[in-house]
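Every number here is computed from the coordinates shown, using simple stated rules; none is lab data. Small disclaimer: the values here were computed from a predicted structure and weren't measured. Cβ atoms come from the backbone with ideal geometry, glycine included; neighbour counts cover every protein chain shown.
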Amino acid sequence: MRTSSLIAWTVWKALFLRETVARLSARRAAWVWILLEPLAQLIFLNVLFGVVLQRLISGIDGGLFISTGVLGFSVARNTAMRLKDAIHANATLLTYRQVLPVDTVLVRAALEAVVFMVSALFLFTGLGLLGYQVIPHDFLQVMLAFAALWLAGIGLGLILSVVSQLIPAVGKVAEMVFLPLYFLSGVMHPASAIPPAYQSWFLLNPFVHGIETVRTGFFPQYYTIPGVSMGYLLGFAMFTVCLGLALHVRFATRLVAQ
Amino acid sequence: MIIVDEVYKRYRTDHGVGKWVLQGVSFTIPPKVNVGLVGRNGAGKSTLLGLIGGTDTPTRGRVERRCRVSWPMGFGGGLQGSLTGRQNAKFVCRIHGHEADLPDRLRYIEDFAELGEAFDEPIKTYSSGMKSRLQFGLSLAFDFDVYISDEVTSTGDARFKEKAAAAFKTLADRAGLIMVSHGEGTLKEFCTAGIWLHEGRAYWFDSINDALKEYKKCPNP
């Protein structure tokens, strides 16, 4: 007899390979797009804002500034959105009682982390070869902030995966909400550009805390606004992860019997 | 041994809770006994197979499996459309803990299914006959104590049917079998005991012939 933890482990390994294959063979040269998609977005934003930003924040390169913002936001958003569809994409595999709905979601989270690391490495290597100063001054803090953003994405994804499976309209709404969130997370401007009167509202968004922490870790001379805290983001991540897992336990039966 | 104890099952539909499909079903299947499930369409045969196979949970009551039970085989379930036959086969091998002897199992599945080059094509390009060949090969590649089959013998072309029937026969001798089939001959060939599902209840018969007799006697079959 195999133990429950051993079964879970083999299921995760098998699902991880299944997800990787699907991701890499989704369309022609899919792996190229995994690398090029963030790059295309960055080039576009750089052309738009690079010059403006140069004047806005002295001593910090506009390109690197936007890169950190886009990467920080997209690791949270991509994780949440990918996880949201995990159960639906693996519905046929729930025929096997070894596979639980939550397995499909957690495995996608792991794959998202790998994809993020590969594309970030590719991006920073490229920028480094172009002569940018790509070594962060506090590497650990940058990694920690990205990890916290990823965790927040997992929390949201876990919740959305259950809710959108039970009420499909919620999934569509979540997708729409992420678009304005892009502009409200300080991806393209520093938090200090927000007027002090509105900063307390701005700081309600947990992603702001992660993205600003990435930047203070990256640029030694970057000044953020008071009130930015990793504790807030990590608290949000913990809360959503716990709530998401609880929803998975509560609705385990209904998620399988579709 | 499989114990089904006071199982109730109903589904949630788009407009609230559906009617009871199973109402207080209890029986015990002893080891190495082949059981045929009979009942009219919609009597809850596939539901019961799902509950026994553990892919679904009862609304009330309890199902206990004291042996290795297969997943419910048949009806194109359990195959991921975007992956190839080989990738699907690998997946099923892995989740059943056969990472070490993966190549052997794969060769067996490939040989049995006889899909040729299509084995490396995505499942969504398969015909229903090809799918059932693969499913049949998959289910035979593992050593279960009890196999659950949902009309799995009635698919495929004439030659494959023959081969499947022969494989099924050796399976029925080696392990237990719980099957649904509308073919009376198939049931009589493979099963000794029978369960008749009628109006949410299950009636156990030690002989499949008695179960079929009762099923046909019912005025609203």
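What is the gain in length, in nm to one decimal, between A:Lys13 and A:Ala30 on full extension, counting 0.36 nm per residue of separation less the C-alpha to C-alpha distance?
Between A:Lys13 and A:Ala30, full extension yields an extra 4.0 nm.
Of the DSSP beta bridges with both residues in chain B, give the percent that are antiparallel, rounding to the nearest 5.
Details: 19 of 34 bridges.
If I count the DSSP bridges inside chain B, around 55 percent turn out antiparallel.
Residues of the range B:58-89 with amide nitrogen under 14 Å from the 7 Å Cα-to-Cβ point of B:Ala100?
Once the point is set 7 Å along Cα→Cβ of B:Ala100, nothing inside the range B:58-89 turns out to lie under 14 Å by backbone N.
On a 0 to 90° scale, report how tilted helix A:139-166 is relative to the longest principal axis of chain A, with both axes built from alpha carbons and the result rounded to the nearest 10.
Approximately 40 degrees, to the nearest 10.
Relative contact order of chain B: what whole-number percent is it, with Cα pairs under 8 angstrom and at least 6 residues apart? Please report the intermediate quantities before stating the final value.
Values: 398 pairs, mean separation 61.8, N = 221.
Here the relative contact order equals 28 percent.
Let's test the formula: R0 of 22 Å, r as the Cβ-Cβ distance of B:Ser26 and B:Arg66. What FRET efficiency results, to the nearest 0.05?
Between B:Ser26 and B:Arg66 the formula returns 0.85.
Could you tell me the center-to-center distance, by alpha carbons, between the range A:157-199 and the range A:206-245 in angstrom?
Cα centres, the range A:157-199 to the range A:206-245: 15 Å.
Under 29 Å Cα to Cα from B:Lys163, which lysines show up? Leave out anything in the same chain fewer than 8 places away.
B:Lys32, B:Lys45, B:Lys90, B:Lys124, B:Lys131, B:Lys188
Once R0 is set to 45 Å, what does the formula 1/(1 + (r/R0)^6) return for the Cβ-Cβ distance between B:Ser82 and A:Ala197, expressed as a FRET efficiency to the nearest 0.05?
0.30
Using alpha carbons only, how many degrees (0 to 90, rounded to 10) separate the axis of helix A:62-84 from the longest principal axis of chain A?
10 degrees
Grab the Cα-Cα distance for A:Ile135 and A:Ala89, subtract it from 0.36 nm times how many residues apart they are, and report the gain in nm with one decimal. Mind showing how you got there, number by number?
Numbers: separation 46, 0.36 × 46 = 16.56 nm, distance 3.80 nm.
Gain on stretching A:Ile135 to A:Ala89: 12.8 nm.
Can you tally the net charge around A:Leu15? Count Lys and Arg as +1, Asp and Glu as -1, for every other residue whose Cβ sits under 13 Å from the Cβ of A:Leu15.
In short, +4.
If I fit a long axis through the Cα atoms of helix A:101-129 and take the longest principal axis of the Cα atoms of chain A, what angle between them do I get, 0 to 90°, rounded to 10?
Here the helix axis deviates by roughly 30 degrees.
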